[in-house]
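Throughout, read-outs are computed from the coordinates displayed, never taken from laboratory work. No experiment lies behind these values; they were computed from the predicted model shown. Counting neighbours? That spans all protein chains shown, and the Cβs are built from the backbone with ideal geometry, glycine included.
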Amino acid sequence: MTQLRDRRTDTTLIVEERTWEQFQWLKKGFEGMPGIRLGYYRGIIEIIMPGEEHEFFKTIIGFLIELFLIEKGIDLIPAGSMTQEKKGRVSLQADESYWIIEKKPIPDLSIEIVFTSGNLSKLERYQALGVPEVWFWEDGVLSLYHLRKDGYYRIEISELPGLRDLNIQLFSQCVLLAQTSRIEAVRQFRQGIVSY
């Protein structure tokens, strides 16, 4: 068992060489405990306890995505950090996830805030689930990946219906601005939506 601590207060616990059944027992033990996220892939169990900064960015990013889609008149269904899994193979909880326009077996978009976990190695897990698009926020930079037949490819703008018109540069600037003024961030974002 390896424990990692991040200076930004996220805590991640990695447990290796475990079976799917052991993971299921662990999940039962954590039922009803808010704020803990569990993942499983290739015999590795990940227990994540997000810190305050992590939750701040996840919430702001989610809010701005929802605001953008609502302002554009595009329906969305938030899935939050619900468990996405293929039995016996992979289980994970994104920081935020969404169905766009209509509900499908797997959300269209998953978002990962990277402090101690969620780096690009997680793309393998999302590929196993078939999530069409995954966004990573790390050190003030938003990176977008779209799933094609042979894996994820880095993209500059979203390829999802409704999000193709999202100005990623403006979006990222407003996420960063929200650290000092949420009101100003939303005001600038709304102005950008209208003029873009």
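Applying 1/(1 + (r/R0)^6) with R0 = 45 Å to the Cβ-Cβ distance of Asp165 and Glu124, what FRET efficiency is obtained, to the nearest 0.05?
Numbers: r = 30 Å, r/R0 = 0.66.
It comes to 0.90.
Would you please put 14-21, 73-80 in order of how densely packed they are, using the mean number of other Cβ atoms within 10 angstrom per residue and starting with the highest? Write out the running numbers ahead of the final one.
On the way: 14-21: 12.5, 73-80: 14.0.
In descending order of packing, they fall as 73-80, 14-21.
Along the Cα-to-C-beta direction of Lys104, a point sits 7 Å from the Cα; which residues of segment 76-91 have their amide N less than 20 Å from that point?
Label zone hits: 76-87, 90-91.
Multiply the residue gap between Ile155 and Arg190 by 0.36 nm, knock off their C-alpha separation, and tell me the result in nm, one decimal place.
Result for the pair: 10.2 nm of gain on full extension.
Distance between Cα centroids, segment 36-58 to segment 136-196: provide it in whole Å.
22
In the chain, with Lys and Arg counted as +1 and Asp and Glu as -1 at Cβ, which of these residues, Val186, Ile155, Ser91, has the Cα nearest the positive end of the dipole, that is, farthest along it?
So the residue furthest toward the plus end is Ser91.
Quick check: convex hull over the Cα atoms of segment 7-106, volume per residue in Å³, rounded to an integer? Please list the in-between numbers first.
Details: hull volume 10.5 nm³, N = 100.
Per-residue hull volume (Cα only) is 105 Å³.
Work out the length of the dipole vector of the chain about its Cα centre, built from +1 on the beta-carbon of each Lys and Arg and -1 on the beta-carbon of each Asp and Glu, and round it to the nearest 20 debye.
On the way: 24 positive and 28 negative charges, 70 e Å.
Using only the charged Cβ atoms, the result is roughly 340 debye.
Could you tell me what % of all Cα pairs in segment 17-73 have separations over 12 Å?
Values: 1173 of 1596 pairs.
That fraction is 73 percent.
If eta is 0.890 mPa s and T is 25 °C, what Stokes-Einstein diffusion coefficient results for the chain, Kirkwood Rh from Cα pairs, in µm²/s?
On the way: Rh = 17.4 Å.
D = 141 µm²/s.
Restricting to DSSP H runs of at least four residues, report the calculated mean residue ellipticity at 222 nm for the chain, -39500 (n - 2.57) per run over all residues, nearest 500 deg cm²/dmol. Could you put the intermediate results ahead of the total?
Details: 5 runs with 63 residues, N = 196.
About -10000 deg cm²/dmol.
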